[in-house]
Amino acid sequence: MVKGYILGIACGYHDSSAALIKDGRVLGAVEEERFTGIKHDSSFPVNTIKWLLDYNKIQPEDIEVVCFYDDPKKKLDRIKESTKRGGLTNILKRNSIISNNKKEFKEIENNIYKYTHKDVKIVWGDHHLSHVAYSYYTSPYDKAGVVSVDGVGEWETTSLYYVENNNFVKIESVNFPHSLGMLYSAFTAFLGFKPNEGEYKVMGLAPYGNPNKYLERFNDIISPTDKVGYEINMKYFTYDWSDTHMFNEKLGLHLGIANRLPEEELTQDHKDLAASLQKVYEDYFFKLLNRLSGLRPSNNLCLSGGCAYNGTANGKILKQTNYKNVWIPPAPSDAGSAIGCALYHYYTTADVQIKKANNQNPYLGPHYSNDEIKEVLDTFKTKVVYTHKLHHEIIELISKQITEGLVIGWFEGKMEFGARALGNRSILANPCDPQMKAKVNKVIKKREGFRPFAPIVKIEEQTKYFDYKEDVPYMNQVVQVKKEHQKFLPAITHIDGSARIQSLKQSQHNRIYKLLQQLQKDNGYPIVLNTSFNLKDQTMVLDPKSAIETFLNCEMDTLVLGNYVVKKKVF
């Protein structure tokens, strides 16, 4: 049993992160991108590790075990095998890909020793087991079906588990190149968005299209199998052997539509293709869940893997399957696996059965005091004015401003772990304002106009406004806004009447909860539009300095930094 500190690391592909564990509890976890400003940064998480050590006041020598989220050697075996395809023209490129992966593995190992110590124990994990463990160990369940749907790990792309009291039983799996995640990413690229980043844009685009338009064409692209679920027709794809292209010209010919370039106009055909892709994904996704439920019945489901960010599918699970309860952690993609591999090692190597700790808190990153905030504000005195206010004064003032149509930057407490802003690094606005969605998309976030926005709602009032009874603490399920309220909540209601909600209990976030209470009095609804505090193609703000710079670089009206209310100077 590990009695010291465990450092969990995920890096090398995308969403690099690190987490520190002690006695089964997560002491901190951050994505490396928050420090570097590089979206989905894949580099070794040097900055995160340094912050974890500094924040917890420990030395590198205090780390007893480093757990890595997958097995680079097995991953290399898969790359050697899969890159055999591609013909003679791929031989030189194949050697380069293999060589780069060997070098990367060695660099990871060297960096682990460099940033911890030469005697540290390194445990190489299993990609999907790390995903599964993260979801299970952060869940409230002792026993559950656990599903990981991802792009690819070592060989597996989909894994079905049943877990009970730390006993992990793999039921079935799907191996590369057959992958729902890679299929979705390939079509993300086909539609002109960046794979491993733009999938949420495809999800946002899908409700504008006809899902039946390309459905028949998908029958030759993906087909069901006897056991766990599906098989991809690889004649249309190159992602198994190329590190630069995911599909070939045959895909466009088969679909009857050319692939879209990034800056080209989005046509109705593109919207229809996105809709068809989302429907196909959901059909196979629910087959997977029902397969597991039939083999190992349980009321509880835990989801993990990058595809667990598909909120549209997630919101339909309770209607499309026999599961009664669904748990999706705040960072189900590779970032969360830094926590998963570390918790798995701690709990499964113990000499005795240990009851798992409560690790549901998503606020795991850097925190800045009011004194630190004021120090930074003083360096921007020529550009901003600010006043210190008590909590209740801030709540009353900001509720009034939101009701009047102002857009608020909100920065407090520890930074969230995962892709979703959950009230500590958020942009807040009026969900009732019919112009607000366009305003925030165009002049604040500076992004595509079709992108929807999410609401935070008091959990006690959730069923009054949204057709969903379960708690959604991390904003990862898309549900229907009740019809009688859709016209009154236009800024957070998508074209199909849906919204990706965040349920909020007072114990989760006291200040935002009180803001919702005040908004109910001032604006008529205990709901606020919430989006991450960043501009297009930038990472979520980390510290007071980046928050102020972002505030100054867009048409946001007010910035709340801890107990300081900040406005721009008028010249």
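The values are calculated or read from the model by the stated rules, or taken from the named source; none is laboratory data. Not measured: the values here are computed from a predicted model. Ideal geometry is used to build each Cβ from the backbone, glycine not excepted, and the neighbour counts take in all protein chains shown. For the accessible areas, the whole protein counts, side chains as well, though only heavy atoms, and no ligand, DNA or RNA atoms are used. Shrake-Rupley method; radii C 1.70, N 1.55, O 1.52, S 1.80 Å.
Observations
- Residues that are part of a helix (DSSP H, G or I) and in contact (Cβ under 8 Å) with a residue 12 or more places away in the chain within segment 227-257 comprise M234, K235, Y236, K250, L251, G252, H254, L255, listed in sequence order.
- Residues in segment 85-100 that are of a type in the set (K, R) and open to solvent by less than 80 Å² (accessible area, probe 1.4 Å): K93, R94.
- Residue match in segment 510-530 (condition: within 30 Å of K381 (Cβ to Cβ), in contact with a strand residue (DSSP E or B) (Cβ under 9 Å, 6 or more places away or on another chain) and among the aromatic types (F, W, Y)): no
- Output for segment 30-81, where each listed residue is small (G, A, S) and more than 19 Å from E107 (Cβ to Cβ): G37
- Any hit, segment 213-226, residues being β-branched (V, I, T), open to solvent by 10 Å² or more (accessible area, probe 1.4 Å) and either part of a loop (DSSP other than H, G, I, E, B) or in contact (Cβ under 8 Å) with a residue 12 or more places away in the chain (or both): yes
- Figure legend. Inter-residue proximity from segment 258-283: first residues under 15 Å from C307 (Cα atoms), second residues of a type in the set (G, A, S), beta-carbon distance below 9 Å, spacing 6+ or different chains. Indicated pairs: L277/A206; Q278/A206; Q278/G209; Q278/A313; K279/A206; Y281/A313; E282/A313.
- Among the residues of segment 448-461, at least one is among the aromatic types (F, W, Y) and modelled with pLDDT under 95.
- Only a single criterion out of (1) under 23 Å from G86 (Cβ atoms); (2) in contact with a strand residue (DSSP E or B) (Cβ under 8 Å, 6 or more places away or on another chain) is not satisfied by V228, namely (1).
- Scanning segment 265-280 for residues being surrounded by 23 or more Cβ atoms within 10 Å (Cβ to Cβ) and among the acidic types (D, E) gives a total of 0.
- Counted as qualifying within segment 281-393 are the helices (runs of 4 or more DSSP H) with 2 or more residues that are open to solvent by 50 Å² or more (accessible area, probe 1.4 Å) and within 30 Å of G181 (Cβ to Cβ), namely 317-320, 337-348.
- All positions within segment 423-444 that are farther than 20 Å from K487 by Cβ and part of a strand (DSSP E or B): R425, S426, I427, L428
- Any pair with Cβ under 6 angstrom, 6 or more apart, that starts in segment 331-348 at a residue that is within 22 Å of V472 (Cβ to Cβ) and ends at one that is open to solvent by 10 Å² or more (accessible area, probe 1.4 Å) and modelled with pLDDT of 95 or more: A335/E31; I339/V26
- Only one entry in R447, R420 is touching a residue at least 24 places away in the same chain (Cβ under 8 Å), in contact with a helix residue (DSSP H, G or I) (Cβ under 7 Å, 6 or more places away or on another chain), in a loop (DSSP other than H, G, I, E, B) and surrounded by 15 or more Cβ atoms within 10 Å (Cβ to Cβ), namely R447.
- Failed criterion for L535 (all others in (1) in contact with a Lys or Arg (Cβ under 6 Å, 6 or more places away or on another chain); (2) modelled with pLDDT of 95 or more hold): (2)
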